[in-house]
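Below you'll find the structure, written out as structure tokens, and then a few comments.
The values are calculated or read from the model by the stated rules, or taken from the named source; none is laboratory data. None of these values were measured; they are calculated from a predicted model. Cβ: placed from backbone, ideal geometry, glycine included. Neighbour counts: every protein chain shown. Side chains included, ligands, DNA and RNA excluded: accessible areas come from the protein's heavy atoms. Shrake-Rupley method; radii C 1.70, N 1.55, O 1.52, S 1.80 Å.
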Amino acid sequence: VYSTMVVSAEVQKFVEQWMAWDRNDTTRAEITALVEAGDEKELRARLQKRIVFGTAGLRGPMKAGFACMNDLTVIQATQGLAKYLLGQFPDAKARGVVIGYDGRHHSLRFAQLAAATFLSQGILVYLFSRLVPTPFVSFATPHLKCVAGVMVTASHNPKDDNGYKVYWESGCQINVPHDKGILQQIDANLAPWDIHHDDLLAKSKDSLLKDPIDEVSAAYFEKVGSTCCFHQAYNASSKVPITYTAMHGVGAERVASTFAP
């Protein structure tokens, strides 16, 4: 229960739409607090415009509001992407999508929400069970013959940001005209579908929901070793040390594996 008497009628409409769709208690409370404080400027900034979906997918601060990264905007983006893929690929359900995530706050949750949304449409989902670096999703998409890949990450952005990168069947990030086509489907599917995300994830294990971590890891490092290491003997005898610092703690284990003999 919240009062909208301290904001204008225009802003009240934005607030009511958010409350009708958002199912996350934390982000609902954020908007309620802004309403009770009468902060129209912040409410307009968060609710009046939608986060932009483009060739880089989504990227923005993790806050409540249509202009930010949160449960609702991730669900909306995935609903649109699912519908677009089903329209582009007759075999989309069988080929499926692969989803990875980094170590940022909410990355795992966003990945799970995306996975459940795809599953609700009967689309096979390969969801990594552990944190993975972005190249794993780019590599896994064509390796697993998926129609698309999704990586939840904001790369080098500030710690309060997160993002949603989309890869086409080739393993490359989406480009025109797919970005516009996906955006059109997002706009046509803004109302959240009637899905119990956690229940759907639990029910789909070993059927439409698979963990590709072992297969993709083995194939990735085999590919690196066979195509990217030109002087292995020299590397082994080199006295030159290498120092590596993981930006967000995701790549350290993979880099160590790559350099290992």
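What to note about this one:
- Comparing Gln112, Gln76, Gln12 in a Gaussian network model of the chain (Cα springs below 10 Å), the most mobile by mean-square fluctuation is Gln12.
- Violating pairs (Cα-Cα greater than 21 angstrom) within the set Lys159/Lys210; Lys63/Lys203; Lys41/Lys180; Lys93/Lys145; Lys13/Lys49: Lys159/Lys210; Lys63/Lys203; Lys41/Lys180
- Exceeding the 27 Å Cα-Cα cut-off - candidates Lys165/Lys239; Lys83/Lys205; Lys165/Lys223: Lys165/Lys239
- Given charges at Cβ of Lys, Arg, Asp, Glu: the stretch 1-91 dipole, positive-most of Thr73, Ile31, Ala56: Ala56
- Principal-axis tilt of helix 107-119 within the chain, Cα atoms, nearest 10 degrees: 80
- By average C-beta atoms within 10 angstrom, highest first, the peptides 129-141, 22-34: 129-141, 22-34
- Mean-position separation - Cα centroids, the stretch 1-69 and the stretch 97-120, in angstrom: 22
- With contacts taken as Cα pairs under 8 Å and at least 6 residues apart, the stretch 141-222 reaches a relative contact order of 21 percent.
- Ligands, DNA and RNA left out, the 1.4 Å accessible surface of the chain is 55% carbon and sulfur atoms.
- Computed lengthening from Lys41 to Thr227, 0.36 nm per intervening residue step minus Cα-Cα distance: 61.6 nm
- Applying a DSSP loop filter and a limit of 14 other Cβ atoms within 10 Å to the GluC sites (Glu not before Pro) in the stretch 174-261 leaves nothing.
- Solvent-accessible heavy-atom area per residue, rounded to whole Å², over the chain at 1.4 Å: 51
- Difference of contour (0.36 nm per residue) and Cα-Cα distance, Ala246 to Ala9: 80.5 nm
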